[in-house]
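What follows is a short report on a single structure.
The values are calculated or read from the model by the stated rules, or taken from the named source; none is laboratory data. Bear in mind the structure is a predicted one, so any value in this text is a computation, not a measurement. Cβ placement follows ideal geometry from the backbone for every residue including glycine, while neighbour counts extend to all protein chains displayed. For the accessible areas, the whole protein counts, side chains as well, though only heavy atoms, and no ligand, DNA or RNA atoms are used. Shrake-Rupley method; radii C 1.70, N 1.55, O 1.52, S 1.80 Å.
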Amino acid sequence: MGKKPKQKIVLPPDLPPEIPDDDVEVSDEDLQFVKENRGYASLLSTLDTQSITKHVTRVADAKEDTLEKLYEERSRKSALKKENEETGIQVDRVDALPIKTLDGKLYYRTAKKTEPENGPTEDEAEEDSNADKGLIKLTKAERRAKLKKLKREEKKQGKEVAKAEVQETPQAAVLAEVKEDLTTEEAFESKKRKLAELGDALLTDPDSNIKFLKEMLQLSKDNDPTIVKLGLLSLLAVFKDIVPGYRIRLPTEKELEMKVSKTVRKMRYYESTLLSAYKGYLQRLMILEKKPLFQLVAVRCICSLLDANPHFNFRESLLDATVRNLNSSNEAIRKLCCSTTKSLFTNEGKHGGEATVEAVRLIADHVKAYDCQMHPDSVEVFFSLSFYEDLGKPEKADEDQKNKYKKNKKRKNSEASNQLPENDRKKSRKELISKTREEVEADYKAASFTPDVMEQRQMQTETLSAVFETYFRILKHTMQTIVARPEANSGELSTAVEPHPLLAPCLKGLGKFAHLIDLDFMGDLMKHLKILASGSSNPGNPSEKGSKCLSVSERLQCCIVAFKVMRNNLEALNVDLQDFFVHLYNLIVEYRPGRDQGEVLAETLKIMLCDDKQHDMQKTAAFIKRLATLSLCFGSPESMAALVTVKHLLQKNVKCRNLLENDIGGGSVAGTIPKYLPYSTDPNLSGALATVLWELNLLSKHYHPSISSIASGISTMSAANNQLLLSKSSPQQAFKDLSLELELSFPQSGTIKLNNKKRKTNFSSTSPSIGDTTVISSFNEDELQKKLSTHFMIVHDIKENERLRNELDRTTQSLELYEQYKKQKKLRSKSKSKSVSK
């Protein structure tokens with residue numbers, strides 16, 4: 001018998017992965033489902049599990065041990081394969097010796113497989129394919145030569161790639177920037193277009209497009225600052241147009257539960273959406289107002305909203321932001337807030353006066369919080385306030401007329417009782433006419449939006465009290481610094497003087513509203529003004545030498561306010577103003593043209609010396625002599641104001657014209673003091689009548705023709721001429737005219753003739769002079785306007801040309817970059833095509 005052929009071992013399929021019984025979760029729903037559907041599970045119950053297990057574990061004519069060995073070999077081979085793939089490749093047996101384990105098995109070392117970044121090379125691919133196909137393997141020397149060649153090629157390729165990267169980096173960066181600029185410009189234009197479309201839709205039909213407000217508000221929160229500014233300004237234009245003329249009151253919970261019509265529901269939705277968007281817009285403005293980049297735009301939007309809609313909701317937050325920026329260091333923001341506040345004060349019809357009261361209170365609170373160290377503009381806005389003294393008088397007149405009408409009616413009725421009774425029809429007709437008239441008047445008052453007189457008076461009282469509270473706080477703060485400084489620095493040189501920026505506008509405001517000050521405060525006010533005018537804590541001693549806390553202009557303003565208050569309340573006050581004349585006499589010496597304000601000096605001379613009716617002869621002579629002396633040291637405008645005052649005083653006081661006499665022993669009327677004391681601090685004790693006005697001779701040779709002419713005109717006045725030829729010009733007007741003439745520096749075409757015709761000057765007919773009338777500075781306004789317009793047009797054209805040139809340079813640069821980008825793209829496409837062809 002022949003030998004039986006060996007049967008091949010057929011391995012069974014892999015068993016499914018074993019899952020422990022603990023991990024198998026059987027829910028109650030599964031059990032219930034199986035119980036309910038047992039009929040469908042008959043297949044599972046009839047399965048022969050024993051035959052299945054036999055088939056899986058069966059091997060033809062093999063025992064269990066051989067089967068286990070086969071499984072172990074297969075698992076070991078798969079593990080080795082994975083290890084080779086993960087850790088590395090087996091080293092060739094020619095290159096390395098094997099390692100023998102204790103079991104007697106040989107193991108060869110392995111090395112990590114490194115593949116190049118760009119994948120296997122062509123030689124390696126060929127070698128792999130040859131190995132796969134079972135071709136002849138390379139020898140050791142050939143493999144080493146091949147590796148050296150590959151390394152050389154890799155080095156060459158690395159150098160070429162580095163050079164290419166160095167050359168392509170700047171161009172690629174520029175092209176990337178161009179792409180980014182193009183994308184940002186497109187996004188910018190699309191956002192601008194969207195803002196315009198949304199704003200146009202809201203302005204055309206706000207009722208149906210009110211929801212677009214939220215989209216515009218979202219666009220104003222963009223990262224691009226230009227889009228943010230455009231969004232804020234677009235929302236400003238929309239709100240100024242669609243905000244209603246009344247305050248919106250949102251419905252309560254009870255009102256929301258009630259059933260309303262469709263129009264009411266629509267109106268409620270419109271108002272609530274508008275109010276929520278308006279609130280979000282204001283919150284956004286308040287946040288951006290604190291950032292320097294958006295501060296100007298945010299403040300402009302706040303001021304425009306407050307000016308356009310002072311009656312609408314959230315007025316308090318707008319007012320707070322506006323008043324807070326009155327003290328801003330940015331001049332543009334400060335002027336914007338000042339103009340808005342002044343507009344609120346002048347246009348009270350928009351808000352009924354409530355916003356005025358709130359703004360004045362806020363300013364008073366800020367002055368208190370900053371301890372009077374604010375910008376003068378924050379208090380100068382009070383000058384735009386207007387107070388009505390005759391508030392409520394028309395009603396009294398109407399009541400008087402009604403009372404007279406009633407008395408006349410009673411008298412007529414008493415007279416008519418003696419006569420025959422009138423017809424009943426006429427009486428009923430008259431009564432009907434009177435009733436209808438009363439009804440019409442009542443309806444007219446209800447329809448007209450005239451505020452109540454009592455409410456107006458109350459608001460005016462609150463405003464006035466807040467204004468004077470601010471003014472008196474500033475005066476008190478200044479007084480405290482004046483009184484405290486000598487005590488702190490007694491016997492020492494003065495240190496840094498604390499500034500008083502609000503004193504000047506405070507004094508101007510007190511002078512303007514002096515007629516509204518309560519009489520109970522007049523005594524204290526005059527006392528404080530006297531101390532402030534002296535500039536020291538001891539006003540009774542003007543000869544006290546020490547550092548003055550206030551400037552000459554501020555002390556002169558104190559004198560002006562005192563005289564204004566005195567004249568407005570002449571009947572109620574009995575105050576001696578002699579101390580203020582003493583202060584003025586000393587302040588004229590302390591005045592410096594470049595440091596102090598000439599307008600204030602001219603106003604003081606007008607109010608205290610020119611407008612007053614009578615003066616003591618000794619005092620008048622002292623002021624005439626001092627003003628004439630200091631005219632030699634002053635500038636031209638100050639000298640003109642002083643000489644105009646001298647002329648006024650000489651015209652009103654005939655006896656003082658003795659100062660014009662050129663006697664050897666001085667004036668003919670010396671008075672009680674025989675000798676002139678030029679350094680005296682009291683004008684009554686100076687003895688000015690014992691001297692002459694020799695300064696007029698020098699002033700008649702002044703370089704300015706106007707001053708020389710008026711000085712020569714004063715010197716020709718005589719005591720025999722008793723006519724009071726008062727000059728029409730005032731020190732203020734003379735100072736302004738001469739200052740304007742010096743600023744304009746145009747040749748004067750017109751002249752002013754002197755009253756003294758005997759006086760012949762050597763000046764030409766075109767030279768200006770001042771006599772009894774004011775200075776007339778004539779110049780051609782049309783020529784000036786033409787020159788200014790041409791100048792500004794040239795400046796505008798230069799700026800426009802610069803802008804256009806910059807745009808042209810930008811466009812040419814972008815075009816050049818785009819051409820470079822095209823060339824680079826072509827080169828890249830050519831290199832790719834060549835590599836593909838190879």
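The C-beta contact set for the stretch 197-224 (first residue among the small types (Gly, Ala, Ser), second residue part of a helix (DSSP H, G or I) and open to solvent by 30 Å² or more (accessible area, probe 1.4 Å), distance under 9 angstrom, 6+ apart or interchain) comprises Gly199/Phe212; Gly199/Ser234; Gly199/Ala237; Ala201/Phe212; Ser220/Lys229; Ser220/Leu230; Ser220/Ser234; Ser220/Arg284.
The set of residues in the stretch 339-369 being open to solvent by 60 Å² or more (accessible area, probe 1.4 Å) and over 19 Å from the mean Cα position of the chain (by Cα) consists of Thr346, Asn347, Gly349, Lys350, Glu354, Arg361, Asp365, Lys368, Ala369. Taking the criterion of being assigned to a helix (DSSP H, G or I) and loosely packed, with under 12 Cβ neighbours inside 10 Å, the residues of the stretch 232-254 that qualify are Glu253, Lys254. Using the structure shown, decide if Pro501 is under 34 Å from the mean Cα position of the chain (by Cα), of a type outside the set (Ser, Thr, Tyr), assigned to a loop (DSSP other than H, G, I, E, B) and modelled with pLDDT of 85 or more. Yes, satisfied. Among the residues of the stretch 259-269, is any in a helix (DSSP H, G or I), surrounded by 15 or more Cβ atoms within 10 Å (Cβ to Cβ) and in contact (Cβ under 8 Å) with a residue 24 or more places away in the chain? No, the stretch 259-269 contains no residue that is in a helix (DSSP H, G or I), surrounded by 15 or more Cβ atoms within 10 Å (Cβ to Cβ) and in contact (Cβ under 8 Å) with a residue 24 or more places away in the chain.
The single condition among (1) farther than 23 Å from Leu306 by Cβ; (2) under 26 Å from the mean Cα position of the chain (by Cα); (3) surrounded by 18 or more Cβ atoms within 10 Å (Cβ to Cβ) that Gly199 does not satisfy is (1).
Just one of the listed residues (Leu754, Leu725, Leu738) is at pLDDT 80 or above and out of contact with any Phe, Trp or Tyr (no Cβ under 7 Å at 6 or more places or on another chain), namely Leu738. Restricting attention to the stretch 504-517, the residues that are at pLDDT below 85 and closer than 13 Å to Val381 by Cα add up to 0.
Which one of the conditions (1) modelled with pLDDT of 85 or more; (2) open to solvent by less than 30 Å² (accessible area, probe 1.4 Å); (3) under 15 Å from Val692 (Cα atoms) does Thr629 fail to meet, given that it meets all the rest? Thr629 satisfies every listed condition except (2).
Look at the stretch 461-479: where a residue is in a helix (DSSP H, G or I) and a partner is crowded, with 17+ Cβ neighbours inside 10 Å and among the small types (Gly, Ala, Ser), sitting 6+ places away or on another chain with Cβ atoms under 7 Å, you get Ala466/Ala364; Glu469/Ala364; Thr470/Ala364; Tyr471/Gly509.
For the stretch 782-800, the condition of being modelled with pLDDT of 85 or more, part of a helix (DSSP H, G or I), surrounded by 10 or more Cβ atoms within 10 Å (Cβ to Cβ) and among the aromatic types (Phe, Trp, Tyr) holds for none of the residues. Annotation note: of Ala355, Ala321, Ala364, Ala359, the sole residue that is of a type outside the set (Ser, Thr, Tyr), over 27 Å from Met454 (Cβ atoms) and part of a helix (DSSP H, G or I) is Ala321. Return the only residue of Ser328, Ser317 being open to solvent by 40 Å² or more (accessible area, probe 1.4 Å) and either in contact with a helix residue (DSSP H, G or I) (Cβ under 9 Å, 6 or more places away or on another chain) or of a type outside the set (Lys, Arg) (or both). It is Ser317. Got at least one residue in the stretch 293-300 being surrounded by 16 or more Cβ atoms within 10 Å (Cβ to Cβ), touching a Pro at 6+ places or on another chain (Cβ under 8 Å), outside any loop (DSSP other than H, G, I, E, B) and at pLDDT below 95? No, there is no match, as no residue in the stretch 293-300 is surrounded by 16 or more Cβ atoms within 10 Å (Cβ to Cβ), touching a Pro at 6+ places or on another chain (Cβ under 8 Å), outside any loop (DSSP other than H, G, I, E, B) and at pLDDT below 95. Looking only at residues in the stretch 355-371 that are among the acidic types (Asp, Glu) and farther than 15 Å from Thr340 by Cα, the one that is modelled with the lowest pLDDT is Asp371. What is the one condition in (1) at pLDDT 85 or above; (2) open to solvent by less than 80 Å² (accessible area, probe 1.4 Å); (3) in a helix (DSSP H, G or I) that Ala484 does not satisfy? If we test Ala484 against (1) at pLDDT 85 or above; (2) open to solvent by less than 80 Å² (accessible area, probe 1.4 Å); (3) in a helix (DSSP H, G or I), just (1) comes out false.
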